[in-house]
Amino acid sequence: MSSEKKKLRSAKLFIYTSLILVGLASLFPFYWMFVMATNPNNLINRNPPVMTPGTEMFSNFQKVLDSIPFFQAMLNSLIVTTSITFGVLILCSLAGFAFAKLHFPGRTILFVFILGTMMIPPQLGLIPTYFIITELGWLSDLRAVIVPGLMNAFGIFWMRQYISSSVPDELIEAARIDGCSNFRIYWNIIVPVILPAFATLGIIVFMAIWGDYLWPLVVLQDQSTHTIQVALRSLMDDRVRDYGMILSGTFWATVPLIVVFLLFNRLFIKSITDGAVKS
Amino acid sequence: MSNTLRKEINTGAEEHDGETENNVKKPKKPKKRLFSQKQKDMASGYLFISPFYLLFAVFGVFPILFSFYLAFFRWDGLGEMEFVGLNNFNIIFNDPLFWKSLYNTIIIGLMGTAPQLIAALLLAFALNSVLIKYKSVFRLAVFLPYVTSIVAVAIIFSVIFSNQESGLVNSFLGVFGIDPITWTRSEWGAKVAISAMIFWRWVGYNTIIYLAGMQAIPNDLYEAAKIDGATLRQQIWHITIPMLKPFIIFTVFTATIGALQIFAEPHIFQGRGGRPEGISIVLYLYREAFGSNFFGTASATAIVLFFIIIVFSAANLLLVNRIGRSGKVGEK
């Protein structure tokens, strides 16, 4: 019995030690990013490098502001991300409602088609899409990112699944008898029921669009239209790299997301796992 | 919200005598309407799904078809398009850098995802263990990197793996008397650095997914196995792994497809044009198109990438199926 207990205790110790080490490895780059963002270059380039936060927080960030339109880029990212997120929520829930509850010829095949489009890698149409955007005169225009971003096959799939399992047909029948139009049914019955699905899909879409890089890099060429991801990269352009400045920009671009994440972390983690697991 | 609904029901239901609390009244025969319910459903159904199809026609179907078309032409984006047959494919297949980008993508994909998925599985086991408290704190810690954008991760790790002697990794290696490594310009250095970025950002994400899978496994299965005298190892091999199969399939799939599309990491780590040590297929495509204005060869690359993704997905499916079969005992 006591040897069993001992074994259990050493197992516990082993698991805790590994988890703590992993946790530290996971958090260390954040800490180190803060250290770099607050230190002057002579300390950063010292060997061994500095390991404690310094006093240059503001001057490093000032250099970021001199180098890129940081707040403009954050605003651009925010505009793009919120427009796409809200647009996707509305378009996908409408389409999801149609696929889940309305009967029309070709419903199944049209839905399968949408699922099929999820298999296509986005790079396949990259070059022609770039020329379409050029033709539309949308180069260096946020619409170049927003409009194609509204097309979201996963969102339709997700909403369809959610609506068919959470809204009973009887509810819709009853509303019909009382003369509700289909849009009324969507707005007054479906939307209140699927608010949790909005939260989940909203978080997934927001994260994906916020971090998107290749497409904004291709179409948002003018510096004033850069999203924050594109702007951050241009911090790396100088021949002699100022690491304090580079990581200061990266740090302050990351902090807002981390704050939001920490506030809503349960919803966040649940959304990400649900989105992954249920598909 | 419910008020507006009620109001709507009130106004919409003239034939009811005001008393609309109860929605399940016996259905009266509806008045003759202009359109039947079936026609209405059809109209609104098509209307509600039409935005996707309109967008997909412009930003999906057309670009994809045009990519296939463009792959057979020489075009610099401005002048005349010139039909060149299979020449674009010839050009990229004879370009050593193309093969290098393919090789790099596969090697970096393997180094960044295979150990990462195994680590995620082990971490999920640890976090699922009954012996552990403060689970949510650990969960939060490992998940935090996922909240960081790929660009931010690539920048942070570019600085961690900087070529200077004072770079974090180099100065750490210096403690053990190892000479500083020029990470961005060495064959394996670049691959290790890029794989590390992928590992760090995604390991927590995959851990959380495995953990969700493990928590969905009913405890009775383990209880029954224990009564039958199964060891911990047997429980893991014959219950946990087979029950996790759908989750493993999902993570392997997304990781593989994601790895084949790597772009931001080498693009940021090695500079805009990329370098042969770390260039990926998508970066090669980007460089052909937006660096050199060779839109024909870039389209050919996109098509090759498309088929590579199909082949890898199929291979994955076969492989994962086989793994599942060896764990037959635990399957129902």
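Nothing in this text is a laboratory measurement; each read-out follows from the coordinates by a stated rule. It should be emphasised that the depicted structure is a prediction, and the values quoted were computed from it without experimental measurement. Please note: Cβ atoms are built from the backbone with ideal geometry, for glycine as well, and neighbour counts cover all protein chains shown.
Out of every Cα-Cα pair that the stretch A:68-237 contains, those further apart than 29 angstrom amount to 31 percent.
Placing R0 at 45 angstrom, the Cβ-Cβ distance between B:Gln37 and A:Val277 gives a FRET efficiency of 0.80 after rounding to 0.05.
Using Cβ point charges alone (K and R +1, D and E -1), the dipole size of the stretch A:68-237 about the Cα centre works out to roughly 220 debye.
When Rg and the Kirkwood Rh are both derived from Cα coordinates, the Rg/Rh ratio for the stretch A:2-56 amounts to 1.35.
The GNM of chain A, with springs linking C-alpha atoms under 10 angstrom apart, assigns the highest mean-square fluctuation among A:Leu257, A:Leu75, A:Leu171 to A:Leu171.
Diffusion of the stretch B:146-236 by Stokes-Einstein, at 37 °C in a medium of 0.692 mPa s and with Rh set to the Kirkwood radius over alpha-carbon pairs, works out to 200 µm²/s. Percent of Cα-Cα pairs more than 21 Å apart in the stretch B:38-129, please. Considering the stretch B:38-129, 68 percent of its Cα-Cα pairs are separated by more than 21 Å.
Expressed in Å, the radius of gyration and Dmax of the Cα atoms of chain B are 28.1, 91.
Per-residue extension of 0.36 nm, minus the Cα-Cα distance of A:Phe71 and A:Ser2, leaves a gain of 18.6 nm for this segment. Of the residues A:Ser224, A:Ser248, A:Ser93, the one that moves most in a GNM of chain A with alpha-carbon contacts below 10 Å is A:Ser224. Seen from every direction in turn and averaged, the convex hull around the alpha carbons of the protein assembly as shown projects onto 35.1 nm². In this model, which of A:Lys7/B:Lys245; B:Lys191/B:Lys245; A:Lys101/A:Lys270; A:Lys12/B:Lys245; A:Lys270/B:Lys135; A:Lys101/B:Lys40 are farther than 20 Å apart at the alpha-carbon? Long pairs (Cα-Cα over 20 Å): A:Lys7/B:Lys245; B:Lys191/B:Lys245; A:Lys101/A:Lys270; A:Lys12/B:Lys245.
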